[in-house]
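Asker: The structure under discussion is supplied below as structure tokens; questions concerning it will follow.
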Amino acid sequence: MFNTISTANERFLADLSNLEGRLLTAQRQVSSGLRMQSVADDPDQVSALLEVKAQIAHNSQLKYNLGRVQTEVNAAESAINTAATLMDRVRQIAAQGASSTTTVDTRTQLAGQVKDIITEMFGLTQTQVEGRYVFSGDSDQTAPYLNVDLTQSNGIGAYQGSSATRQVEHPNGSIFSISYTAVQVFDSGGSSTSVFQSLTALYNDLQSSNIAGLATDADNIGTAASFLDGQQARYGEIQNQVSDAISAQQKLDTQLQTQLSNTQDADSVSAIMELQKESVAQQAALQAHAALPRTSLFSFIG
């Protein structure tokens with residue numbers, strides 16, 4: 001009889017412990033909103049949970065990278081757009097300088113205007129975003145050119161940066177290039193395609209009133225301006241790629257967050273119902289146990 005009583009108590013305590021464990025689980029789910037808070041909650045889903053969390057972390061890094069790139073690309077495209085506007089002014093200056101009715105003094109004044117434009121162009125090559133030179137290639141802590149130097153054929157001297165090999169990852173896994181150097185944009189090729197070489201040649205011929213040279217300069221300015229427009233279009237393509245990548249990143253983020261929620265989040269309605277059910281069961285068990293008749297050794301002594 002004593003063994004029977006002891007066994008019943010032990011069984012009651014074991015059942016009560018299990019019930020309280022379920023109750024505690026339900027309470028945690030209701031308070032946190034999570035179904036999985038530890039490996040023990042659902043061991044079969046741990047791998048899936050870790051995988052989706054890793055994908056979310058990678059996608060968050062892509063978001064940061066793309067946002068940073070977008071700022072740089074927009075700054076570069078804006079600088080080139082300003083440069084294209086300056087070239088429109090230079091076309092007018094070149095046409096006026098090449099005219100036979102233009103005086104030597106006027107050409108000297110026009111040369112001063114071209115010099116100012118060269119200085120403005122030089123300033124555009126120095127465009128920075130968060131301390132990084134966007135036209136210096138991979139050497140973005142180094143200015144692409146040191147200063148304006150009209151004794152040089154390109155008016156600014158040698159390029160100080162490096163090649164541009166930077167790329168960014170698209171959420172679909174592809175990789176695309178994101179920048180061009182100042183040489184590629186402003187000083188590519190000879191005097192017919194290089195913005196700086198065509199401007200410097202125009203400046204020198206205006207200074208010396210070289211009418212024959214000015215006629216060639218006017219043609220070269222037009223060609224260089226068209227080349228610059230092409231570089232702006234290339235940056236426009238990069239802008240579109242970045243925008244597409246950002247849009248894809250946002251969609252992927254939504255998908256991954258939904259997947260994460262499906263894997264680890266609790267069903268709030270079910271969790272609340274489970275909490276209520278287990279609470280009632282706990283109270284009923286305690287009340288039932290309290291109502292059992294109490295026996296002692298004296299109960300079995302005559």
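Asker: Please work out which residue is surrounded by the fewest Cβ atoms within 10 Å (Cβ to Cβ), limiting yourself to the stretch 84-105 and to residues that are free of Cβ contacts under 8 Å to residues at least 60 places away in the same chain and within 13 Å of ILE211 (Cα to Cα).
Answerer: Top of the filtered list is THR101.
Asker: Here's something else I'd like to know. Against the condition of a type in the set (A, V, I, L, M, F, W, C), out of contact with any helix residue (DSSP H, G or I) (no Cβ under 8 Å at 6 or more places or on another chain) and modelled with pLDDT of 95 or more, how does VAL90 come out, does it pass?
Answerer: No; evaluated as a whole, the condition is false for this residue.
Asker: Turning to a different aspect of this structure: Could you tell me which of the residues ASN65, ASN81 is within 26 Å of GLU237 (Cβ to Cβ), part of a helix (DSSP H, G or I) and either free of Cβ contacts under 8 Å to residues at least 24 places away in the same chain or within 22 Å of the chain's Cα centre (by Cα) (or both)?
Answerer: That would be ASN65, the only listed residue that is within 26 Å of GLU237 (Cβ to Cβ), part of a helix (DSSP H, G or I) and either free of Cβ contacts under 8 Å to residues at least 24 places away in the same chain or within 22 Å of the chain's Cα centre (by Cα) (or both).
Asker: With respect to ILE56, is the statement that it is in the same structural domain as SER191 (by TED's automatic domain parsing), β-branched (Val, Ile, Thr) and at pLDDT 95 or above true?
Answerer: no
Asker: For LEU252, state whether it is part of a helix (DSSP H, G or I), surrounded by 17 or more Cβ atoms within 10 Å (Cβ to Cβ) and under 21 Å from the mean Cα position of the chain (by Cα).
Answerer: On the way: part of a helix (DSSP H, G or I): yes; surrounded by 17 or more Cβ atoms within 10 Å (Cβ to Cβ): yes; under 21 Å from the mean Cα position of the chain (by Cα): yes.
Answer is yes for this residue.
Asker: A further question on this structure: Buried (at least 18 other Cβ atoms within 10 Å of the Cβ), modelled with pLDDT of 95 or more and under 30 Å from THR108 (Cβ atoms) - does that describe any residue in the stretch 227-248?
Answerer: yes
Asker: Right, here's the next one. Could you please let me know if SER177 is touching a residue at least 40 places away in the same chain (Cβ under 8 Å) and of a type outside the set (A, V, I, L, M, F, W, C)?
Answerer: Yes.
Asker: Tally up the residues in the stretch 161-174 that are assigned to a loop (DSSP other than H, G, I, E, B) and buried (at least 16 other Cβ atoms within 10 Å of the Cβ), please.
Answerer: Residues meeting the conditions: 4.
The values are calculated or read from the model by the stated rules, or taken from the named source; none is laboratory data. Computed from a predicted model, the values in this text were never measured in an experiment. Glycine gets a Cβ as well: all are built from the backbone with ideal geometry, and neighbour counts include every protein chain shown.
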